[in-house]
Amino acid sequence: MTGPETPRAVTATDVARMAQVSQSTVSLVLNGKWKGRIREGTARRVMATASELGYQVNQAARSLRLGSSGTVLLVVPTLENPAFSAVHAGAARAGATNGIGVVVFPLTAEDGWGPFPVPKQAIDGVLACSMSADDVAELRIGLPLVILDDAPTRHTPTVSMDLGGSMAHILAHLISLGHRRIMHVRADRPTSTFTERAHAFDQCVLSHPDITASHMACNLNPRDVRDRLVSVLSSPARPTAFVCDDDNIAMGVYYAANTLDLTVGEALSVVGFNDLPMASLISPSLTTVRLPLNHLGFRGMQMFMEIHNGETVDDVMLGTELVIRQSTGPAPLSTDVG
């Protein structure tokens, strides 16, 4: 009796046949040489087909042809958010033990004028944080890809965090303090991580019909958040608790409260996400969800090395922790403004 056959690796020929293009077209697209030679729509179709089939470049052949660069690209949405520094630190720590360097690449230029040009240097793989495989399709071009902090997808190994559980813990904490008017101040970004938090918030409040829930979408700039929240906090029927998608957003709620001489932790309660260093240093100290950002990067880099070595990997979900500090307290008996 013979054992089960090992599944055949997907080849460039398979990609060409499925995408209905020539092998030379596949080669040009997957090696990043298609611009000016191939229509963008065709190139996108080839990339999507390669991703759907789980195509991986033959690393042994690639090393002989190009040489191993010893470099992995960590792609992040922006460098403005310090949370990504912790992710990079963890990835770099894991990479150092294997002789692999980690280079950070922001997908959008910090001046807001558009994307940076695709890096031309050789890389051995891509870690994409807080974005999908489609977002980095042109960057990874057949290289090993690990997704961090995004929804798992077929053929793409993922390290995620238990954000739904985090939101459930936040709401249980606020409800236990008597809060019944709760606002979710969500990040105005169409990413899976923020969408998941909004969904978890809505699901949690559904099981508590006595709660009046509301949403407000804001960017991560605390001053902009302050400007949006002043009118909300001026209402006699204002929310008594605010759940913020990021500690920077929570700072905006603090600023708005200070503008109106409202005391955080007494007149209103505030909860953040990330547990940035400032969370424990401000007054009152911020109740927030501590995300394992350093370990997120570390485990993602470990997963890349496992893939690089031909090992089979499974998706990983990391736990989170609600750190309760002084910014949450009992719901006020009245929020009448006066």
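Read-outs throughout are calculated quantities, based only on the coordinates presented, and are distinct from any laboratory measurement. Every value quoted in this text rests on a predicted model; they were computed, and no experiment measured them. With ideal geometry, Cβ positions are generated from the backbone for all residues, glycine too; neighbour counts draw on all protein chains shown.
Things to note:
- Were the residues from SER280 through LEU79 laid out at 0.36 nm apart, the gain over their Cα-Cα distance would be 70.1 nm.
- Summarising the label geometry, the points placed 7 Å from Cα in the beta-carbon direction at ASP210 and GLN23 lie 7.0 nm from one another.
- Length-normalised contact order for segment 262-333 - Cα pairs under 8 Å, 6+ apart - percent: 48
- Antiparallel %, DSSP beta bridges [both residues in the chain], to 5: 10
- Here the Gaussian network model covers the chain, with springs between Cα atoms less than 10 Å apart; of PRO284, PRO209, PRO292, PRO209 fluctuates the most.
- Within the chain, helix-based [θ] at 222 nm, where runs of 4 or more DSSP H residues each add -39,500 (n - 2.57), nearest 500: -11500 deg cm²/dmol
- Calculated FRET value between ARG37 and THR97, using beta carbons and R₀ = 35 Å, to 0.05: 0.30
- Once C-alpha pairs closer than 8 Å and six or more residues apart are averaged by separation and normalised to the residue number of the chain, the relative contact order reads 18 percent.
- Given their separation in residues at 0.36 nm each and the Cα-Cα distance between them, GLU311 and THR153 gain 55.0 nm when the chain is fully extended.
- With the charge dipole of the chain set up from +1 on Lys and Arg Cβ and -1 on Asp and Glu Cβ about the Cα centre, the Cα lying farthest toward the positive end among the listed residues THR288, ALA43, PRO330 is that of ALA43.
- Largest mean-square fluctuation among ILE282, ILE307, ILE175, in a Gaussian network model of the chain whose springs join Cα atoms under 10 Å apart, belongs to ILE282.
- Summary of packing: across the peptides 22-30, 143-151, 241-249, 211-219, the per-residue average of other C-beta atoms within 10 Å ranks them, highest first, as 241-249, 143-151, 22-30, 211-219.
- The magnitude of the dipole of the chain, with charges of +1 and -1 set on the Cβ of Lys/Arg and Asp/Glu and taken from the Cα centre, is near 940 debye.
- 0 to 90° range, to nearest 10: angle between helix 40-53 axis and the chain longest Cα axis: 90
- The chain: angle of helix 192-206 to the longest principal axis, Cα-based, in degrees nearest 10: 40
- Using alpha-carbon coordinates, inclination of helix 163-176 to the longest axis of the chain, degrees: 10
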